[in-house]
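The values are calculated or read from the model by the stated rules, or taken from the named source; none is laboratory data. Computed from a prediction, not measured in an experiment: that's the story for all the values here. All Cβ positions, even for glycine, are placed from backbone atoms using ideal geometry, and neighbour counts span all protein chains on display.
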DNA sequence: GATTTCGATTTTATCGTTCAACATGCCATT
DNA sequence: AATGGCATGTTGAACGATAAAATCGAAATC
């Protein structure tokens with residue numbers, strides 16, 4: 001029975017250390033470590049004895065010490081944004097929850113931080129990584145000409161993005177939702193319900209998400225032959241409820257107003273619903289509205305919406321980031337992962353009166 | 001000029017180590033450490049030389065190594081919850097953002113984790129603390145008979161709560177918002193606008209927040225002498241929009257319906273707005289509605305609401321938690337902090353037609 | 001002139017863990 | 001009988017930082 005030289009002392013956190021467990025179980029430090037990290041290397045009898053002592057002493061390995069040794073904090077950085085005024089909800093918090101959940105499954109934690117813009121975000125990511133606080137970061141909501149990928153690549157910060165840039169996107173890993181497919185599905189849904197004049201309420205051009213959603217509407221309309229000759233029923237404005245209400249009114253004031261409308265977000269969609277109610281129109285019968293993002297507000301108001309597979313996005317991103325930051329060199333050198341997922345339409349009363 | 005024995009090697013994160021800086025500057029490790037943590041101990045000339053080298057090498061001290069040595073990870077744990085269905089918004093994400101922001105100001109980071117209920121939350125907090133991953137945690141939304149304070153106290157996990165339990169709340173640190181004062185302010189606001197029959201839409205009894213908000217309405221009504229003889233205009237139901245709409249309809253169907261209504265949350269308040277619209281009543285003139293929490297939905301819909309001073313809550317909580325987890329023993333032993341803050345009324349069109 | 005004081009810096013020890021290398025004993029090959 | 005492999009354990013050396021003690025030279029004091 002070997003004995004360690006130093007005497008056992010209580011750890012700072014009040015928890016036992018691996019050395020105390022080793023002494024109590026009459027084995028060496030490393031054997032305790034093996035019981036935890038590589039149980040197959042330890043004889044069953046020894047393992048059980050050590051495990052019993054671990055239980056008695058309430059030992060939990062100190063993660064910080066572990067991180068230092070293996071030089072990889074199981075920590076993922078993510079920038080949280082201030083809540084947008086006038087927006088009913090975003091999928092931002094749903095995404096964060098998913099990251100945390102799948103991160104835990106891979107023994108990783110999520111560290112959140114704030115930044116006033118994407119440039120500061122990139123700087124903070126770099127600092128967090130350099131100081132060894134996080135092993136990698138997740139980027140949210142990439143714009144077409146986002147500078148974050150290049151900055152982080154240059155700084156050697158491992159990252160995976162939700163969304164992608166217009167160019168060079170094959171050089172880094174990303175997961176994106178096919179926004180244009182989403183609005184196309186919405187158009188198909190409305191066409192199947194008999195609608196022919198289908199409008200679109202979107203954001204001003206320049207954002208990758210907004211432009212893709214507008215393109216999906218346009219292409220689907222064209223595919224159904226519904227653009228020919230008719231005036232294009234699309235309007236643009238900021239992503240707020242009041243803007244949605246105003247834009248919807250504008251559409252309804254046209255000489256031949258739409259009978260169905262695709263909104264680029266639930267916020268705009270909910271705003272549109274108000275315009276419909278204000279005019280005393282019957283939702284789902286006189287006019288149908290489809291939103292995007294399937295936020296709680298949509299389900300509360302019966303707004304048909306497009307649900308992004310956030311859970312799958314989160315899972316893929318975490319898996320990829322764990323791969324990138326893993327110690328397996330050949331693994332990390334593999335080609336970046338690029339995945340495009342399809343949203344699902346959740347039909348509600350705003351397009352199907354019965355529901 | 002002393003020289004360290006080991007040869008300099010590049011750190012895992014790609015960043016330089018303190019040893020490399022020391023060698024490049026021709027000083028010992030400790031001097032570099034002092035330049036960073038106790039500049040006054042270093043002669044100006046030496047300090048400037050070391051600082052220049054730090055800049056040239058882009059050195060950032062490795063936080064993980066620092067945490068191990070000082071046995072206090074500058075990390076705060078916080079449980080994030082899944083987004084509630086049918087709820088337009090909560091202040092949960094605003095609170096998280098505030099925590100992150102003020103945490104950064106105190107050189108602390110926020111680690112988020114998930115849990116399915118408060119018991120699992122307490123267990124995870126304990127594990128996070130025992131493994132040295134966090135130095136303390138923040139609890140959100142305490143219920144009257146919450147078990148978390150006792151569990152964490154027993155486990156020796158430092159924590160500060162937003163909210164408080166019915167009993168034993170003087171034994172731990174908390175910050176709370178005076179919910180009953182909030183609804184009382186709402187009643188005062190409506191009375192000042194000439195309303196006499198003022199209703200209340202709340203949650204079923206049993207939650208500390210919900211009960212306090214109901215009590216505030218009741219006490220303020222009594223103070224204004226508006227309860228005498230009249231039928232009490234209060235109804236209860238789950239915290240969803242559809243519930244708000246239904247409860248509001250119920251109130252409007254009474255023989256002598258209210259002209260003003262205080263809702264326990266913006267979600268219920270927004271639901272109530274729909275009932276008002278459905279009946280063609282003019283909001284702010286025929287009937288006034290006040291919500292609670294000042295969520296983006298309230299500002300979007302012109303719903304007068306009570307704003308909780310979340311920023312102040314977050315700041316107080318972080319400051320207290322940093323004190324509790326600090327290495328200053330006498331500081332940590334001081335009496336717990338108990339602070340009750342007042343919400344503010346934000347007047348909008350739902351009570352003041354002009355706005 | 002010897003001693004003390006003090007500021008500036010270095011040396012030593014340590015935080016709690018895991019990696020790499022090396023013992024040891026036992027069994028199957030050769 | 002020597003060799004190799006496998007299962008099981010142990011030991012020394014990191015990981016990168018900081019606290020505490022030790023050193024050293026110069027100035028101040030006795």
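Out of B:81, B:69, B:52, one residue alone is more than 9 Å from DNA strand C (Cβ to nearest atom) and closer than 30 Å to residue B:323 by Cβ. It is B:81. Against the conditions (1) free of Cβ contacts under 8 Å to residues at least 40 places away in the same chain; (2) touching a strand residue (DSSP E or B) at 6+ places or on another chain (Cβ under 6 Å), residue A:128 satisfies every one except (1). Suppose we keep only residues that are at pLDDT below 95, away from chain B (no Cβ under 14 Å) and over 15 Å from residue A:337 (Cα atoms) within the stretch A:147-175. Which one would you say is farthest from the chain's Cα centre (by Cα)? Result: A:167. Has the stretch A:271-282 got any residue that is closer than 30 Å to residue A:134 by Cβ and within 14 Å of another protein chain (Cβ to nearest Cβ)? No. Going by what's in this entry, would residue B:213 be described as part of a loop (DSSP other than H, G, I, E, B) and surrounded by 21 or more Cβ atoms within 10 Å (Cβ to Cβ)? In short, no. Listed by first and then second residue, the pairs with beta-carbon distance under 6 Å, at least 6 apart or on different chains, first residue in the stretch B:95-121 and more than 11 Å from every other protein chain (Cβ to nearest Cβ) and more than 14 Å from residue B:81 (Cβ to Cβ), second part of a helix (DSSP H, G or I) and at pLDDT below 95, are B:106/B:322. The residues of the stretch B:70-94 that are at the interface with chain A (Cβ under 7 Å from one of its Cβ atoms) and at pLDDT below 95, listed by number, are B:71, B:73, B:82, B:83, B:84, B:85, B:86, B:87, B:88, B:89, B:93, B:94. Among the residues making up the stretch A:294-307, those that are crowded, with 24+ Cβ neighbours inside 10 Å and away from chain B (no Cβ under 11 Å) are A:303, A:304, A:305, A:306.
The number of residues in the stretch A:309-319 that are more than 9 Å from the chain's Cα centre (by Cα) and buried (at least 24 other Cβ atoms within 10 Å of the Cβ) comes to 1. For the structure I just gave you, tell me whether residue A:204 is closer than 20 Å to residue A:270 by Cα, within 14 Å of chain B (Cβ to nearest Cβ) and surrounded by fewer than 18 Cβ atoms within 10 Å (Cβ to Cβ). Spelling it out, it is not the case that residue A:204 is closer than 20 Å to residue A:270 by Cα, within 14 Å of chain B (Cβ to nearest Cβ) and surrounded by fewer than 18 Cβ atoms within 10 Å (Cβ to Cβ). Please tell me if residue A:126 is under 21 Å from residue B:73 (Cβ atoms), surrounded by fewer than 22 Cβ atoms within 10 Å (Cβ to Cβ) and assigned by TED's automatic domain parsing to the domain that holds residue A:324. For residue A:126, the condition - under 21 Å from residue B:73 (Cβ atoms), surrounded by fewer than 22 Cβ atoms within 10 Å (Cβ to Cβ) and assigned by TED's automatic domain parsing to the domain that holds residue A:324 - is met.
Kindly indicate which of B:263, B:220 is at pLDDT 90 or above, buried (at least 22 other Cβ atoms within 10 Å of the Cβ) and touching a strand residue (DSSP E or B) at 6+ places or on another chain (Cβ under 7 Å). Full working, then the answer.
Values: B:220 fails: touching a strand residue (DSSP E or B) at 6+ places or on another chain (Cβ under 7 Å).
Only one candidate passes the filter, namely B:263.
With under 18 Å from residue B:163 (Cα atoms) and away from chain A (no Cβ under 12 Å) as the only criterion, which of B:290, B:352, B:313 stands out?
Sole residue among the options that is under 18 Å from residue B:163 (Cα atoms) and away from chain A (no Cβ under 12 Å): B:313.
Suppose the filter is crowded, with 16+ Cβ neighbours inside 10 Å, touching a strand residue (DSSP E or B) at 6+ places or on another chain (Cβ under 8 Å), part of a loop (DSSP other than H, G, I, E, B) and on the phi < 0 side of the Ramachandran plot; does residue B:226 pass it? Considered against the rule, which asks whether it is crowded, with 16+ Cβ neighbours inside 10 Å, touching a strand residue (DSSP E or B) at 6+ places or on another chain (Cβ under 8 Å), part of a loop (DSSP other than H, G, I, E, B) and on the phi < 0 side of the Ramachandran plot, residue B:226 comes out as yes.
Looking at A:305, A:243, just one residue is over 25 Å from residue A:173 (Cα atoms), within 21 Å of the chain's Cα centre (by Cα) and either in a helix (DSSP H, G or I) or touching a residue at least 12 places away in the same chain (Cβ under 8 Å) (or both), and that residue is A:305. Checked against (1) part of a helix (DSSP H, G or I); (2) farther than 22 Å from residue B:272 by Cβ, residue B:186 passes all but a single condition, namely (2). Scanning the stretch B:1-37 for residues that are near DNA strand C (Cβ under 9 Å from one of its atoms) and modelled with pLDDT of 90 or more yields B:22, B:25, B:26, B:27, B:28, B:29, B:30, B:31, B:32, B:33, B:34, B:35.
Restricting attention to the stretch A:27-69, the residues that are touching a helix residue (DSSP H, G or I) at 6+ places or on another chain (Cβ under 8 Å) and either within 10 Å of DNA strand D (Cβ to nearest atom) or at positive phi (or both) total 20.
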